[in-house]
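So the structure is just underneath, and the comments pick up after that.
The values are calculated or read from the model by the stated rules, or taken from the named source; none is laboratory data. Since the structure is predicted, the reported quantities are computational estimates derived from the model, not experimental observations. Cβ coordinates were reconstructed from backbone atoms using ideal geometry, including for glycine residues, and neighbour counts include every protein chain displayed.
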Amino acid sequence: MSKALVGIIMGSQSDLKIMGEAAQVLEDLEVEFELTVVSAHRTPDRMYEYAQNARERGIKVIIAGAGGAAHLPGMVASLTTLPVIGVPVKSSNSIDGWDSVLSILQMPAGVPVATVALNGARNAGILAAQILSTFDKKVADALKTYKEDLKSKVLESAKKIEEDGWRGKSIGF
């Protein structure tokens, strides 16, 4: 049985659609992770226990996603010395997502949370892998391949547009 290096937690099951993107990119990069629901408001004892014991269980980075008031990433960051990446989630009770963004982004001095874009769990997974790559060559190599694939896709798109032209195509403005 392998040990998770990244903990992915979310405030509620409804966040899974977004937070699953972090899990998918970590799976693609072959980074072990765990995924669960930890609510800062409804299960504060569970949140405290999760954050306090993560390092002992081998977790190196925590990705925490939440909508609405989005206290989960900040509260977890206050309870651990591990890096925490916050994912603001646009939820059904959200003020167009801004409440979540600002709740995670505006952390007080001494309690940092790396914050990705609204619903940006994929980037949270990549950032977690990049943190791990500082000491894990296997993850570094997987990221290098991932970035090379991104580059290839862009170059293929550029070639297609250059060859086919833009006339008759929707160009977005």
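Checking each residue in the range 81-131 for being within 18 Å of residue 8 (Cα to Cα), of a type in the set (S, T, N, Q) and either under 14 Å from the mean Cα position of the chain (by Cα) or part of a helix (DSSP H, G or I) (or both) picks out 100, 115, 119, 123, 130. Among the residues of the range 13-30, how many are out of contact with any strand residue (DSSP E or B) (no Cβ under 6 Å at 6 or more places or on another chain) and either closer than 24 Å to residue 145 by Cβ or assigned to a loop (DSSP other than H, G, I, E, B) (or both)? Total meeting the criteria: 8. Of all residue pairs spaced 6 or more apart or on separate chains, those with beta-carbon atoms under 6 Å, a first member in the range 73-99 that is without any contact (Cβ under 8 Å) to a residue 40 or more places away in the chain and a second member that is among the hydroxyl-bearing types (Ser, Thr, Tyr) and assigned to a strand (DSSP E or B) are 86/115. When 135, 173 are checked against the criterion of being at pLDDT 95 or above and either assigned to a loop (DSSP other than H, G, I, E, B) or aromatic (Phe, Trp, Tyr) (or both), 135 stands alone in meeting it.
Filter the range 27-60 for residues that are among the aliphatic types (A, V, I, L, M) and either surrounded by fewer than 16 Cβ atoms within 10 Å (Cβ to Cβ) or closer than 19 Å to residue 89 by Cα (or both); which is nearest to the chain's Cα centre (by Cα)?
35
Assigned to a loop (DSSP other than H, G, I, E, B) and buried (at least 24 other Cβ atoms within 10 Å of the Cβ): does that describe residue 66? Against the criterion (assigned to a loop (DSSP other than H, G, I, E, B) and buried (at least 24 other Cβ atoms within 10 Å of the Cβ)), residue 66 does not qualify.
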